[in-house]
Amino acid sequence: MIDWRNGSDLDRVAEQRTDPEWVLAAWANPDAVLLRVGDASVETGVDGALLTRRVEADFDPELHYLLGRIEGRPWFATRVDAEEELTALRSLMDGLPAAGLEAAFTAVGLATWHAVSGFCPRCGAPTRAVHGGQSRRCTACGLELYPRTDPAVIVAIVDPENRLLLGRQPSWAPGRYSVFAGFVEMGESLEQTVHREMAEEVGLELTGVTYLGSQPWPFPRSLMVGFLAHTTRDEPVPAVGEIELARWFTHEQLVAAMAAGDVVLPPHTSIARRMIESWLDGNLAQPTAG
């Protein structure tokens, strides 16, 4: 299980990747591997583990993106359109080792960014991948583009009795509950987003907003920033069409609902799951949920 608070197992070779010759040499390294990914999927073997292929074709900077090195071995990613040949990342990420999970998250996010960044947003000319695929440069005006990460807040709301508010969206599988999340808008701080989003989603005013931790989330290219918040109002008002149900749980009620199969929590790898489990363990106020 990965702990996003620790250092990375993926060496992103920030200095070396700016050297085209170094990137070519990494591609030619007999230990180099290639991971094929889709919009939210990765290639796996019959055992369900990540399938990394040997690097054989000529290096193409528009198709092959350097992720970095894991235990000295160069890792590259490439995007494929044949989703039927891949496995949904959500379905297998709980079983991936830390290094493989980080590589998969990075590969999916990077490949989806390249897929929509082929033209310059300033002048409209084509862009080209540079620095091993870690950025793109406009062929006309020279503007450099970098992979976009969209910050989002995810919030555990508790009331004066330490009940936890969980909710579900209409599109989720039956029984799936989680804490609440929303994207940061232009000109907002993270804390302002917490207040605005929770007012919009469940109609609650919050106090005591506390940072808990963060993690990348490649669906498609987000950074989830976790917070604990308190409220004195006990009746949430779910946003019509967005939140199907919002419900307070005591520890005992949530444990019983999970045991009965009435509540299904998010994947273990997600910060949402770690926040909920930290609340169940009685240490959500500590920065341990990242």
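How about segment 1-115: which helices (runs of 4 or more DSSP H) wholly inside it have at least 3 residues that are farther than 28 Å from residue 127 by Cβ and not assigned by TED's automatic domain parsing to the domain that holds residue 272?
On the way: elements: 20-28, 89-92, 98-115.
Where helices (runs of 4 or more DSSP H) fall fully within segment 1-115 and carry at least 3 residues being farther than 28 Å from residue 127 by Cβ and not assigned by TED's automatic domain parsing to the domain that holds residue 272, they are 89-92, 98-115.
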What pairs come out if I take residues in segment 156-175 that are part of a strand (DSSP E or B) and pair them with residues that are hydrophobic (A, V, I, L, M, F, W, C) and modelled with pLDDT under 95 whose C-beta lies under 7 Å away, six or more apart or interchain? 156/284
Within segment 205-237, can you find the residues that are surrounded by fewer than 17 Cβ atoms within 10 Å (Cβ to Cβ), hydrophobic (A, V, I, L, M, F, W, C), under 28 Å from residue 4 (Cβ atoms) and touching a helix residue (DSSP H, G or I) at 6+ places or on another chain (Cβ under 9 Å)? 219
Consider residue 204 carefully, then state whether it is in a loop (DSSP other than H, G, I, E, B) and out of contact with any Leu (no Cβ under 7 Å at 6 or more places or on another chain). yes
Looking only at segment 117-153, how many residues end up being over 18 Å from the mean Cα position of the chain (by Cα) and outside any helix (DSSP H, G or I)? 25
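When only residues in segment 161-189 that are of a type in the set (Asp, Glu) and farther than 20 Å from residue 220 by Cα count, which is modelled with the highest pLDDT?
Of the residues in segment 161-189, the ones of a type in the set (Asp, Glu) are 161, 185, 188.
From the residues that got through so far, the ones that are farther than 20 Å from residue 220 by Cα too are 161, 188.
Values: 161: 94, 188: 97.
Checked segment 161-189; the qualifying residue modelled with the highest pLDDT is 188.
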Spot the failing condition for residue 66; the list is (1) touching a Gly at 6+ places or on another chain (Cβ under 8 Å); (2) closer than 30 Å to residue 228 by Cα, and only one is missed. (2)
State which residue is surrounded by the fewest Cβ atoms within 10 Å (Cβ to Cβ) when the search covers only segment 59-96 and only residues that are modelled with pLDDT of 95 or more and among the acidic types (Asp, Glu). 71
Qualifying positions in segment 31-52 - at negative phi and either surrounded by fewer than 14 Cβ atoms within 10 Å (Cβ to Cβ) or acidic (Asp, Glu) (or both): 31, 39, 43, 45, 46, 47, 49
Within the bounds of segment 238-247, is there any residue that is in contact with a Lys or Arg (Cβ under 9 Å, 6 or more places away or on another chain), part of a loop (DSSP other than H, G, I, E, B) and closer than 25 Å to residue 6 by Cβ? no
Which of (1) loosely packed, with under 14 Cβ neighbours inside 10 Å; (2) within 19 Å of the chain's Cα centre (by Cα); (3) without any contact (Cβ under 8 Å) to a residue 40 or more places away in the chain is the odd one out, the single condition residue 268 does not satisfy? (3)
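The values are calculated or read from the model by the stated rules, or taken from the named source; none is laboratory data. All values reported here derive from a predicted model rather than from experimental measurement. Neighbour counts are summed over all protein chains in view; Cβ atoms, including those assigned to glycine, are modelled from backbone coordinates with ideal geometry.
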